[in-house]
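Report on one structure; see the data block that follows.
The values are calculated or read from the model by the stated rules, or taken from the named source; none is laboratory data. In this text, all values refer to a predicted model and were calculated from it rather than measured experimentally. Cβ coordinates were reconstructed from backbone atoms using ideal geometry, including for glycine residues, and neighbour counts include every protein chain displayed.
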Amino acid sequence: MSERPIAARASALRPCPVCGRTSSCSVTDDGLHFCMSNSAGAEWKRIGDMDKQGFYHYRKADNGREKEAKKFVKNLTSERREELANALMLPVASLDALPDLGFNLAEGCWTFPEVDGAGRVIGLMRRYADGRKLSAPGWKRGLTVPAILPSGPLHIVEGATDVLAFTLCGLAAIGRPGARAGLDLLVEFISRCPERKIILCGENDQRPNKKDPTVIDWPGKDGVDQLGPQLANALGRSVWTVFPPAGVKDFRAWVVALVAGTPRIGGPG
């Protein structure tokens with residue numbers, strides 16, 4: 001067995017991602033899976049033979065993107081972590097939820113890896129000091145998934161910063177790449193969480209239409225109205241929807257306001 005501590009054990013709320021069992025299997029804090037199965041899908045690489053306790057060891061197969069994303073991790077100094085946390089108006093400790101956060105020295109931006117439904121890195125979102133968010137050229141868009149999902153309902157939010165805010169509050173959340181995006185990725189990921197209540201989170205991002213200012217666009221609601229039924233139909237399960245309180249753009253802004261103990265709402269999205 002590995003000397004690394006066990007971070008999570010398979011349960012009905014969080015089945016083993018390798019074999020789907022709801023007991024016995026486990027994973028260390030650095031992503032080494034101990035599984036009872038001697039076979040797995042192509043997204044998993046088996047390491048060695050069965051150990052003395054009867055477990056096979058697995059890690060996610062490297063598709064090249066994971067190594068590429070990880071090369072930026074070493075550049076995320078304590079000063080850059082603090083700068084990012086300040087920009088998001090969240091505690092520095094909240095960034096621990098996404099251990100593969102990095103910093104691209106050449107472009108002067110923070111990097112947020114995104115994964116497919118099986119957890120393999122496929123995307124890299126870049127965030128700049130001025131608040132711009134751009135996907136890295138040549139990469140696909142994916143999900144933002146924290147290292148450990150707490151038990152309880154699974155909240156599907158937009159992007160990485162809401163994931164940080166929810167995780168800070170002890171709630172399980174994954175980030176979709178856009179208001180209406182990520183259906184296939186979400187279906188694959190959520191299929192591994194059969195016992196969780198699924199809550200699709202929208203945003204209060206109403207704004208005047210660019211062509212006709214008398215028309216108010218609401219992408220956050222349109223996305224929920226479209227993605228919710230699609231997700232429920234694909235999963236064959238109920239999907240609940242929720243929005244932040246009126247006047248609050250997103251759930252990160254709500255957490256910021258609650259932590260500050262003030263009714264002030266705002267900050268970067």
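Among what's in segment 195-213 and is acidic (Asp, Glu) and touching a helix residue (DSSP H, G or I) at 6+ places or on another chain (Cβ under 6 Å), pick the residue that is farthest from Gly182 (Cα to Cα). Give the steps one after another, and end with the answer.
Here is the first cut: in segment 195-213, the ones acidic (Asp, Glu) are 195, 203, 205, 212.
Those still in the list that are touching a helix residue (DSSP H, G or I) at 6+ places or on another chain (Cβ under 6 Å) too: 203, 205.
On the way: Glu203: 16, Asp205: 19 Å.
Within segment 195-213, the match that is farthest from Gly182 (Cα to Cα) is Asp205.
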Please go through segment 155-171 and give me each residue that is closer than 23 Å to Glu195 by Cβ, aliphatic (A, V, I, L, M) and surrounded by fewer than 22 Cβ atoms within 10 Å (Cβ to Cβ), ordered by number.
Leu171
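Quick check on this structure: which one of Ser23, Ser39, Ser2 is modelled with pLDDT of 90 or more and of a type in the set (S, T, N, Q)? Lay out the reasoning, then the answer.
Working: Ser39 fails: modelled with pLDDT of 90 or more; Ser2 fails: modelled with pLDDT of 90 or more.
Sole residue among the options that is modelled with pLDDT of 90 or more and of a type in the set (S, T, N, Q): Ser23.
Can you find a residue that is of a type in the set (Gly, Ala, Ser) and more than 12 Å from the chain's Cα centre (by Cα) anywhere in segment 153-161? Break it down into steps so the answer makes sense when it comes.
From segment 153-161, those of a type in the set (Gly, Ala, Ser) are 159-160; that's our starting set.
Remaining after also requiring more than 12 Å from the chain's Cα centre (by Cα): none.
Looking through segment 153-161, none of the residues is of a type in the set (Gly, Ala, Ser) and more than 12 Å from the chain's Cα centre (by Cα).
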Looking only at segment 130-142, count how many residues are within 14 Å of Asn104 (Cα to Cα) and out of contact with any strand residue (DSSP E or B) (no Cβ under 8 Å at 6 or more places or on another chain).
1
